[in-house]
Amino acid sequence: MFTNDKHQATYTDKLNAAVAGFPEIANLSAEELLADNLAIAPPAIKNAVRNNGGGFYHHSLFWNMMAPAPKLQPAGELANAIDTVFGDFDTFKEKLTAAALDQFGSGWAWLTADKDARLFVESTLNQDSPVSFGHLPIIGIDVWEHAYYLKYQNRRKDYVAAWWNIANWEEAMKRFAAANLKS
């Protein structure tokens, strides 16, 4: 079963309730539940797994994707891959920022890696997960209003600009190294 903190309690409780009657999937990780476009979830709970599993999984990642005093840019293999795909870090930053600002309504902006560890910037609606499309989240920006409204009100642009100052590139580099091991 999934554990939670105060913010994730609703996602966690609803995900646990959804999978409780299905012992064949109750012990899978949230990432496993979301994989393969949710093919493993019984139809009766597919939406609950997508929405609550995505909320649980994304927020579990999100707390680790921020740090109080992070490096301001990645290094090593991740930095090299970003330079190869996007040309340089600033261009990548512009693309991820645009994905976050252009997201209509609630969702996420992601740097993800596919099964061959190729990088992409993508966005997902609501709690849809890149994992469901075969992509591994490397780092992401939560652009649901609850992520920024108390401090930034409706100024998503200011929130996204500030997020870059706490992006945890150490965690992103670990996640990219794991993607490379899978490829």
Number of positions in the range 77-104 that are more than 15 Å from TYR159 (Cβ to Cβ) and either β-branched (Val, Ile, Thr) or in contact with an Asp or Glu (Cβ under 9 Å, 6 or more places away or on another chain) (or both): 7
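For the range 107-119, does any single residue satisfy the condition of being aliphatic (A, V, I, L, M) and in a helix (DSSP H, G or I)?
Taking the range 107-119 first, the residues aliphatic (A, V, I, L, M) are 109, 111, 113, 117, 119.
Now drop any that are not in a helix (DSSP H, G or I), which leaves none.
Taking every residue of the range 107-119 in turn, none turns out to be aliphatic (A, V, I, L, M) and in a helix (DSSP H, G or I).
Here's the yes/no breakdown for (1) of a type outside the set (S, T, N, Q); (2) at positive phi; (3) within 14 Å of the chain's Cα centre (by Cα); (4) not assigned by TED's automatic domain parsing to the domain that holds ASP158:
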{"site": "ASN27", "(1), (2), (3), (4)": "no, no, no, yes"}
{"site": "ALA30", "(1), (2), (3), (4)": "yes, no, yes, yes"}
{"site": "ILE45", "(1), (2), (3), (4)": "yes, no, no, yes"}
{"site": "ASN52", "(1), (2), (3), (4)": "no, no, yes, yes"}
{"site": "GLY55", "(1), (2), (3), (4)": "yes, no, yes, yes"}
{"site": "PHE92", "(1), (2), (3), (4)": "yes, no, no, no"}
{"site": "TRP108", "(1), (2), (3), (4)": "yes, no, yes, no"}
{"site": "ALA117", "(1), (2), (3), (4)": "yes, yes, no, no"}
Contacts under 7 angstrom Cβ, first residue in the range 167-183 being more than 10 Å from GLN73 (Cα to Cα), partner modelled with pLDDT under 95 and exposed (fewer than 14 other Cβ atoms within 10 Å of the Cβ), 6 or more apart: LYS182/LYS115; SER183/LYS115; SER183/ASP116
Selected residue [under 18 Å from GLU31 (Cβ atoms) and out of contact with any Lys or Arg (no Cβ under 8 Å at 6 or more places or on another chain)] from ASP83, ASP142: ASP142
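Given the residues ASP102, ASP142, ASP158, ASP88, which is the only one that is closer than 19 Å to PRO68 by Cα and without any contact (Cβ under 8 Å) to a residue 40 or more places away in the chain? Walk me through it before giving the result.
Working: ASP102 fails: closer than 19 Å to PRO68 by Cα; ASP142 fails: without any contact (Cβ under 8 Å) to a residue 40 or more places away in the chain; ASP88 fails: closer than 19 Å to PRO68 by Cα.
The conditions single out ASP158.
Does the range 156-177 include one or more residues that are assigned to a helix (DSSP H, G or I), modelled with pLDDT under 90 and among the basic types (Lys, Arg)?
Filtering the range 156-177 for residues assigned to a helix (DSSP H, G or I) gives 156-163, 169-177.
From the residues that got through so far, the ones that are modelled with pLDDT under 90 too are 156.
Checking the rest, the ones that are also among the basic types (Lys, Arg) come to 156.
Checking the range 156-177: at least one residue is assigned to a helix (DSSP H, G or I), modelled with pLDDT under 90 and among the basic types (Lys, Arg).
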Given (1) surrounded by 14 or more Cβ atoms within 10 Å (Cβ to Cβ); (2) part of a helix (DSSP H, G or I); (3) not small (Gly, Ala, Ser); (4) not assigned by TED's automatic domain parsing to the domain that holds ASP158, index of the condition PRO70 fails: (2)
Some residue of the range 54-67 being modelled with pLDDT under 90 and either touching a Leu at 6+ places or on another chain (Cβ under 6 Å) or farther than 26 Å from MET173 by Cβ (or both): no
Scope the range 45-87; condition within 25 Å of VAL19 (Cβ to Cβ) and aromatic (Phe, Trp, Tyr); matching residues: PHE56, TYR57, PHE62, TRP63
Selected residue (only one of PRO137, PRO130 is buried (at least 17 other Cβ atoms within 10 Å of the Cβ), out of contact with any helix residue (DSSP H, G or I) (no Cβ under 8 Å at 6 or more places or on another chain) and not β-branched (Val, Ile, Thr)): PRO130
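The values are calculated or read from the model by the stated rules, or taken from the named source; none is laboratory data. Small disclaimer: the values here were computed from a predicted structure and weren't measured. We place every Cβ from the backbone using ideal geometry, glycine too, and count neighbours over all the protein chains shown.
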